[in-house]
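Below: one structure, written as structure tokens.
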Amino acid sequence: MALQCLELGQISENNSSDAGSVEEIDSLNPSFCISSSLSKSNKAGNLPKKNNSRFSTAVFAARKSVIASDCRGTGDYLPNGCRSIIDLPPALVSEILHCLDPKDLGVVCCVSTLLQNLASDHHRWKEFYCERWGLPLATAASPGSGLPGEKTWKDLFVERERRSKSFMGRFSIDTLRGHTEAVRAVCLLQSAKLVFTGGYDSVIRIWDMVEGLALAASQPLGCTIRAIAVDAELLVAGGTDAFIQCWKVIEGNPHLFNIAGSTMNQKFEIRLWGHHGPITCLGLDSARIYSGSWDMTVRVWDRVNFKCIRTLSHGDWVWDLVPRGSTLASSAGRDVYIWDPSNGKLMDAIQNAHVGNTCALARSYLGDLLFTGGENGDINMFELANSNDDSEIKPCATWKPHENSVQSLAFEFPWLVSCSSDGRLALIDVRKLLKSAHSLGSKYSRVNQSSSINLEPPQRMLHGSGNGWFSVAIGADRIICGGEEGTLRLWDFSQALEIEERVHALRRIRLEHRMRRRRVQIEMNSKSGPTDQIPGALKKSQKNVNRNASWHVKRRDQKSRGFGN
């Protein structure tokens, strides 16, 4: 071990090309974990090319110092100034940790106390969380810390990642009744724990997501409600009469929006006109309202003055749209379009995304992953972050969980949920697909772009009442779906992890009792001598003899009576 350290100290730090040629020490050593993590970060390619040589040299030096710190054991310096990674400048250590993924950063936390402090409080945890779910909702930040409440960003990430596993556990089902006809639109406001629905009865309803109670209902709007979008400040709904109904938030209202008024309040309620056909989809961001229609256009509205500022023309009926960040994705006919809504420029297009219409869209929080649901029952996943202008965007994953048209998609990392007119819901975990390609070094882990990927079927299928579903929404631990029968179905997974923990606890208790009884039996057998065990064996053999004798007696009696052969 010492010879390896001395040889390592003689290697030139200026030769960055040898950074990957150093042999790893024993994998059982804790330093091996951080050393392998650093070797991954050296291949990540997240830094500009002009700094690659300097960064490779720094990573190489860090690896050498980590191995050396394990070799010395006593804290004395080795020849050639060999030191540990914690002796590097804090900025360099932070840059190295920034290149790790959540798993590797968690491994670093287990190496030593000092590295645990550095890695646990690293700002990369905030980036991990926000890349997947955005900023935490309804959390009070500590003054000047930027952290929500008393929890660190690592704690929030680990808790949310753990909570995402609840969708594979046990659940309870609630049926919400109130609509008199089919439900066409379902929207979830996670921060307020409210559900907004609309359908053929032309009424907007607000539900309590936790209790499953109806809170408010609007006056009939006179047309079928096909789309709803909501955030903490604005509620919009659109239907077959080509208008958009908007409600502003009212401070102090427990339901946020006063939709039950018998007359329109011009201060808090606005109706927008402009489309020439039924409105099929709606979207919101911080500055704009987006509406898609069967008049083959998407209109962009200003949220402040409620005026149409831009019209995006399509070549077919617009089925769905999803704004994310600085881009807008829309589907018309078989094709999917990526727009820059600030100037109305078409950035990219996916031709023939499905056989038949592309009926549903969903995107990740950053917008780099796009999911499409088709009329043929297929679901495709596209990666937009690494697409080139000159190359055609192809699906990097394809599933076929449904026999009929996919009516709606919703995404909450890492789960994609789809509903179909075949009456089933499919839950797909995309984490494995992204994790398999993490070593390629993109921010969200670059996905394999080959068109033929053998993927396992959806991790879970949920069955409804047998009727078709039209719209679905997903939260942190709940799924809400509406369909033809006029009711809402709510799958509650909030107790799944607690139930699983109780089941495992009961299994451990039973196992402990079984092992305790086994130990007691072994002790009793060891205390009793061999002579004490002989009568038991003789008694057992005597029982067998008596049993055989009684059987022969009964058989002889049957023969004597003429019943035997």
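The values are calculated or read from the model by the stated rules, or taken from the named source; none is laboratory data. Keep in mind that what you see is a predicted model, and the values were worked out from it rather than measured. Cβ sites come from the backbone with ideal geometry, for glycine too, and all protein chains shown count toward neighbours.
Assorted remarks:
- Inter-residue pairs, beta-carbon under 7 Å, first acidic (Asp, Glu) and in the stretch 155-182, second at pLDDT 90 or above and not in a loop (DSSP other than H, G, I, E, B), 6+ apart: Asp174/Leu490; Asp174/Asp492; Glu181/Gly199
- None of Phe411, Phe382 is at pLDDT 90 or above, crowded, with 17+ Cβ neighbours inside 10 Å and out of contact with any Pro (no Cβ under 9 Å at 6 or more places or on another chain) except Phe411.
- Checking Asn80, Asn117 one by one, the residue that is surrounded by fewer than 20 Cβ atoms within 10 Å (Cβ to Cβ), at pLDDT below 65 and in a helix (DSSP H, G or I) is Asn80 and no other.
- Assessment of the stretch 493-501 against the conditions (crowded, with 20+ Cβ neighbours inside 10 Å and closer than 24 Å to Leu194 by Cβ) yields at least one matching residue.
- Selection within the stretch 250-273 - surrounded by 16 or more Cβ atoms within 10 Å (Cβ to Cβ) and on the phi > 0 side of the Ramachandran plot: Leu256
- Here the stretch 282-311 is the region considered, the condition is being part of a strand (DSSP E or B) and among the hydroxyl-bearing types (Ser, Thr, Tyr), and the residue that is surrounded by the most Cβ atoms within 10 Å (Cβ to Cβ) is Ser291.
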